[in-house]
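Data block below; observations after.
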Amino acid sequence: MEQFLQQLINGISLGSIYALIALGYTMVYGVIKLINFAHGDVYMLGAYIGYFCITNLNLGFFPSLLISMLVCALLGATIEKIAYKPLRNASRIAVLITAIGVSLFLEYGTMFFVKPDPRSYPPLTGFMAKTFRVGNLLITSQQILIIIITVVLMIALQLIVKRTRIGKAMRAVSLDGDAAQLMGISVDRTISFTFILGSALAGAAGILVGIYYNSINPLMGTMPGLKAFVAAVFGGIGIIPGAMIGGYFIGLVEVMVSGYGNSMYRDAVVFAILIIILIVKPSGLLGKETREKV
Amino acid sequence: MLEITNLNVHFGVIHAIKGISLTVNEGEIVTLIGANGAGKTTTLRTISGLKKPTSGTITFEGNDITNLDARQRVKIGISQVPEGRRVFSTMTVLENLELGAYLRRDKAGINKDYQMVFERFPILADRKKQMAGTLSGGEQQMLAMGRALMSRPKLLFLDEPSMGLAPLLVQEIFDIIKDINDKGTTILLVEQNASMALQIADRAYVMETGKITLSGTGKELIQSEEIKKAYLGG
């Protein structure tokens, strides 16, 4: 039981990271029906920006978090503008291939500048280095921080999407782009905004992983990116709460498989889940069956 | 008010609209009738700015709007109730109306217009908090119309408002269209239900395979033998 609870805490921490990344995948898919494979690399850049803020600029964790989110947001909007916007009327496969190209560009471009060797976040001090003991359970302050920050960001995201004008425009564009234009909504601006939101969340995930796992490298975005994609598909791609549920689910599965089974199998299990969803319920947990419009 | 001159629209190599010209004067109800695939919806989509024409001009209140995008056209007072209603299904009735007023900033005016829409369509007031996708076809049509009115259009396009509705409801929708027009909104109505459309229209155009083949006042066309044969089942 204790071991289970311990794994549960670890799983929720890891799941938070996946959920943050999965939100970006799902929102972008919602508005332009693109699986943005460069999204995992924005998360990697978030980790590096956080690293430079903390080590080179000697900033504290929270200012670094904000800067990381901000820079990633700008980066996301720029990527969209340069790489995807010119392809607005191109076939979906062309945009998808472009996304893979952007991903490789970001990975090896970063490697060129920061060298391929992993870097480690400086050891944490003060509150951040504390570990709490509840009975026989160990909870680190990084885990608490990850969980709290993720929840706060998710609430903020929900408020933006549900309450604000631009959030409503986002939902309208994702439901019916033409009808949204007839309301006077600018689809281009809405798409930019979606990239901004998604990338800011990925940036936050990047720096959180930096303080949690310590080690970062230019290719660190690939695997979590793919797993967050699985999470988004699991919850129903295009559906925001689905990405949150999916993220936590994948995080928990991965940790449980490592904890009780063999950690060698954890990636295999995650991708097996993807295959099963695609066979059993391709629209995902919260998705409705839809027929492709002709 | 609206003047289309020599408009051509292509989908790839398909020449969908072949040099049509039509005019809508302020205060009128003008209807565009014709069989399925004649190009009526494409014409509306082009005037709304969703589809770019290959050539031709569109002027609105004397200004050339051919190069404006959809958003700018909403801003100057053109609004459309699209074919198949196209309400935002997983948003509430109220949110749908709110999006109709997306470009407006006058809070007081918007609130007044919610009341105006709810008076015109009382059923929407009862269903304010309900998801638009759960409404019946007739209610969705009303919502789509209310949503279009929320932008305070000078010119309103309606694309097949009677599609898929029970006959009694069709009559009601047409009465409402007439009433909206009486209150000062100019209307361009696209319909397959030619007899209903001609009854309320001041003027009408008949479209066939991308061309306008006939035009005249509603009364004239209702009497026309050709129209009777082709569209009125007589």
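The values are calculated or read from the model by the stated rules, or taken from the named source; none is laboratory data. Being a predicted model, the structure only gives us computed values, none of them experimental. Quick reminder, even Gly has a Cβ in these numbers, built from the backbone with ideal geometry, and neighbours come from all protein chains shown.
Which residues, counting only those in segment B:147-169, are assigned to a helix (DSSP H, G or I) and either modelled with pLDDT under 95 or touching a Ser or Thr at 6+ places or on another chain (Cβ under 7 Å) (or both)?
B:Ala148, B:Pro167, B:Leu168, B:Leu169
Across segment B:39-64, the number of residues qualifying as more than 14 Å from chain A (Cβ to nearest Cβ) and more than 16 Å from the chain's Cα centre (by Cα) comes to 11. Taken as a whole, the structure places A:Ile185 among residues that are within 14 Å of chain B (Cβ to nearest Cβ), in contact with a Phe, Trp or Tyr (Cβ under 6 Å, 6 or more places away or on another chain) and hydrophobic (A, V, I, L, M, F, W, C).
Hey, can you tell me all the residues within segment A:105-143 that are farther than 30 Å from A:Ile79 by Cα, out of contact with any helix residue (DSSP H, G or I) (no Cβ under 8 Å at 6 or more places or on another chain) and assigned to a helix (DSSP H, G or I)? Listed by number, the list holds a single entry, A:Gly126. Scanning segment B:21-31 for residues that are surrounded by fewer than 19 Cβ atoms within 10 Å (Cβ to Cβ) and either touching a Leu at 6+ places or on another chain (Cβ under 9 Å) or at negative phi (or both) yields B:Ser21, B:Thr23, B:Asn25, B:Glu26, B:Glu28. Would you check which residues across segment B:144-173 are away from every other protein chain (no Cβ under 12 Å), more than 23 Å from B:Ile65 (Cα to Cα) and buried (at least 17 other Cβ atoms within 10 Å of the Cβ) and list them? B:Met145, B:Gly146, B:Glu160, B:Pro161, B:Ser162, B:Leu165, B:Leu169, B:Val170, B:Ile173, listed by residue number.
Scanning segment B:83-98 for residues being over 19 Å from the mean Cα position of the chain (by Cα) and at the interface with chain A (Cβ under 8 Å from one of its Cβ atoms) gives a total of 5.
Yes or no, residue by residue, for (1) touching a His at 6+ places or on another chain (Cβ under 8 Å); (2) on the phi < 0 side of the Ramachandran plot; (3) touching a residue at least 24 places away in the same chain (Cβ under 8 Å); (4) β-branched (Val, Ile, Thr):
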| position | (1), (2), (3), (4) |
| --- | --- |
| B:Ile33 | no, yes, yes, yes |
| B:Asn36 | no, yes, yes, no |
| B:Lys40 | no, yes, yes, no |
| B:Asp64 | no, yes, no, no |
| B:Arg71 | no, yes, yes, no |
| B:Val74 | no, yes, yes, yes |
| B:Val117 | no, yes, yes, yes |
| B:Phe121 | no, yes, yes, no |
| B:Gly133 | no, yes, yes, no |
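Filter segment A:174-191 for residues that are among the hydrophobic types (A, V, I, L, M, F, W, C), part of a helix (DSSP H, G or I) and under 13 Å from B:Gly100 (Cα atoms) and give the result. Reasoning before the result, please.
Step one: filter segment A:174-191 for residues among the hydrophobic types (A, V, I, L, M, F, W, C), giving A:175, A:179-180, A:182-183, A:185, A:187, A:191.
Remaining after also requiring part of a helix (DSSP H, G or I): A:175, A:179-180, A:182, A:187, A:191.
Selection gives A:Ala179, A:Ala180, A:Leu182.
Name the residue, out of B:Gln141, B:Gln80, B:Gln72, that is within 11 Å of another protein chain (Cβ to nearest Cβ), surrounded by 19 or more Cβ atoms within 10 Å (Cβ to Cβ) and outside any loop (DSSP other than H, G, I, E, B). Walk me through it before giving the result.
Numbers: B:Gln141 fails: within 11 Å of another protein chain (Cβ to nearest Cβ); B:Gln72 fails: surrounded by 19 or more Cβ atoms within 10 Å (Cβ to Cβ).
None of the other options fit; the residue is B:Gln80.
Picking from residues in segment A:75-104 that are part of a helix (DSSP H, G or I) and without any contact (Cβ under 8 Å) to a residue 12 or more places away in the chain, the one that is farthest from A:Thr190 (Cα to Cα) is A:Leu104.
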